[in-house]
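Only one structure is covered here, and it is reproduced in the block below.
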Amino acid sequence: MTRSLLALVLSILLSFSGLFAQSVQQFANIGNFKLENGEAIKDCKIGYRTFGTLNRAKSNAMLFPTWFGGTSANLAGLIGPGNMADSTKYFVIAVDALGDGVSSSPSNSRLQPNEQFPKFDIRDMVNTQHEMLTRVLHINRLFCIIGGSMGGMQTFQWIVSYPGFMEKAIAWVGSPRLTSYDLLLWNTELQVINTDLKAHAPENGIMKAIADITELNIRTPEYYVVHMKPEDFYKDIGEYQKSFSKGFNVYDWRSQLEAMLAQNVAAPYHDDMEEAASRVKAKVFEIVNLQDHMVNPNPAIQFAKLIHARLLELNSDCGHLGPSCQSEKVDKAINNFLEIK
């Protein structure tokens, strides 16, 4: 092998090793963290992964919070050239929300395990991420924050709690406040979990029931009628239940469920959504699916009007997963928004 070819191979290997090094799991230790309710998470740790390069001016940082039950590893597939978070342009920080089993959670807390772990809300998730950014990564302003589902809820909270911290924000299938239907869904899951835990039911059995409730709402009835044959139902749902029960811890699931049930960006302002909206300074892009049965789109649509946000309305029978089913359209719209000066 010639020296020039060897140098080329080495440079390629180094570039790939740098990419993988940036995407490994990292942790920010932020000490005992006081929550909005006055309690504290002891020895609080926030997990994160970084992709891309932070420029010298620190003006290209993008924060990407996780969705309900998701981890920063799950976000990796949405990060990269041409994706909704392009790591060739931006320094993308995928952050694990409290309760996801990576950041401090009931399942991994040595000092406050399972039932002993304190309740937290979406504001607490955002506050811990602010601590991570400013104290550990020394980033005092973001170019953008982007998040979907519960990540979208965190995005809405970010733009209200820290209005001058980001230039742009993108929330997809998230909500600034839950509707009565959202409350019905999440309280049903919570009741199943609490009742079964009191009855000492096995955790994998509890999560199989939660899998059914989740699957029932994550897409529309029309989607299942078209895409799932009745004769395949028991096989398909059985496989889904099995993978779901293995992938999620019941105490972690409950902790994030309770956080979402308290979601209301206007809570500190006497439930005045106009007052909450008046704090927003960022340029905001919202993406909703009109057929979303898991996070009702109406509060996001109303909030978009209050803050004069750009709004993309999908109409897909994929329901809550509409942005995934129309990923090419969504990614293009997001990248166009990010390019606007």
Q: For the chain, state the average projected area of the convex hull of the C-alpha atoms over all orientations, rounded to one decimal in nm².
A: 20.3 nm²
Q) Tell me, what is the FRET efficiency for residue 216 and residue 116 to the nearest 0.05, using R0 = 25 angstrom and their Cβ-Cβ distance as r? A) 0.20
Q: May I ask you to compute the full-extension gain from residue 325 to residue 43, defined as 0.36 nm times their residue separation minus their alpha-carbon distance, rounded to one decimal in nm?
A: 97.6 nm
Q. Which is farthest toward the positive dipole end of the stretch 183-310 among 192, 224, 267, measuring Cα position about the Cα centre, with Cβ charges +1 (Lys, Arg) and -1 (Asp, Glu)?
A. 267
Q) Say a paramagnetic label sat at a point 7 Å from the Cα of residue 203, along Cα to Cβ; which residues of the stretch 249-274 have their backbone N under 13 Å from it? A) 249-255
Q.
What does the net charge come to around residue 104 if you take all other residues with beta carbon closer than 14 Å to its beta carbon, with K and R at +1 and D and E at -1?
A. -2
Q: Could you compute the FRET efficiency for residue 236 and residue 308, with r as their C-beta to C-beta distance and R0 at 56 Å, rounded to 0.05?
A: 0.80
Q) By a straight-distance test (C-alpha under 23 Å), which lysines pair with residue 208 as possible cross-link partners, with residues fewer than eight away in the same chain excluded? A) 198, 229, 235, 242, 246
(Q) For residue 172, what residues show an amide H to amide H distance below 5 Å, using hydrogens built from the backbone and excluding near sequence neighbours? (A) 147, 148, 149, 152, 287
Q: Name the long-range amide H neighbours of residue 316: under 5 Å, sequence gap of 5 or more, or other chain; modelled H, no Pro or chain starts.
A: 290, 291
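Only four residue types carry charge here, +1 at the Cβ of Lys and Arg and -1 at the Cβ of Asp and Glu. Report the dipole size of the stretch 94-214 about the Cα centre in Debye, rounded to the nearest 20.
Result for the stretch 94-214 is approximately 320 debye, rounded to the nearest 20.
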Q: Please find, in a Gaussian network model of the chain (springs between Cα atoms separated by less than 10 Å), the residue of 59, 243, 87 whose mean-square fluctuation is greatest.
A: 243
Q) Near residue 69, within a Cβ-to-Cβ distance under 14 Å, what is the net charge of the other residues, with Lys and Arg +1 and Asp and Glu -1? A) -4
Q: For the stretch 102-163 and the stretch 233-291, write down the distance between their C-alpha centroids in whole Å.
A: 13 Å
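For the chain, give the magnitude of the charge dipole about the Cα centre (Cβ charges: +1 Lys/Arg, -1 Asp/Glu; no others), in debye to the nearest 20.
1420 debye
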Q | Residue-span extension gain [residue 272 to residue 56] - 0.36 nm each, minus C-alpha spacing | A | 73.8 nm
**Q.** Placed amide H near residue 121: partners under 5 Å, 5+ positions off or other chain
**A.** 36
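Assign unit charges at the C-beta atoms only (+1 for Lys and Arg, -1 for Asp and Glu), then state the dipole size of the stretch 258-314 relative to its Cα centre in Debye, rounded to the nearest 20. Intermediate results must be reported in sequence, preceding the final value.
Working: 5 positive and 8 negative charges, 71 e Å.
I would put it at about 340 debye.
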Q.
Between residue 134 and residue 191, what is the label-point separation in nm under the 7 Å Cα-to-beta-carbon projection?
A. 4.1 nm
Q) How about the chain: what cysteines have no other cysteine beta carbon under 4.7 Å from their own? A) 44, 144
Q: Please check which bits of the stretch 74-97 a label hung off residue 339 would reach, taking the label as a point 7 Å along Cα-to-C-beta and the cut-off as backbone N under 13 Å.
A: 82-83
**Q.** J(HN,Hα) series, the stretch 170-180, from Karplus relation 6.51 cos²θ - 1.76 cosθ + 1.60, nearest Hz, glycine and proline x
**A.** 10, 10, 10, 6, x, 8, x, 7, 7, 8, 5
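Give the whole-number value, in cubic angstrom per residue, of the convex hull volume spanned by the C-alpha atoms of the stretch 182-258.
Residue-normalised Cα hull volume stands at 92 Å³.
Is it possible to state the helix-based mean residue ellipticity at 222 nm for the chain, with each DSSP H run of 4+ residues giving -39500 (n - 2.57), the sum divided by total residues, to the nearest 500 deg cm²/dmol? What is it?
-13500 deg cm²/dmol
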Q: Count charges around residue 307 for me, please; just the other residues with Cβ under 11 Å from its Cβ, Lys/Arg as +1, Asp/Glu as -1.
A: +3
Q | Cross-link table 89/305; 89/332; 45/119; 305/341, entries beyond 23 Å C-alpha to C-alpha | A | 89/305
Q.
At 7 Å along Cα-to-Cβ for each site, give me the label-to-label distance between residue 180 and residue 246 in nm.
A. 4.2 nm
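Rule-based calculations on the coordinates, nothing more; no lab input. In this text, all values refer to a predicted model and were calculated from it rather than measured experimentally. All Cβ positions, glycine included, derive from the backbone under ideal geometry; neighbour counts span all protein chains shown.
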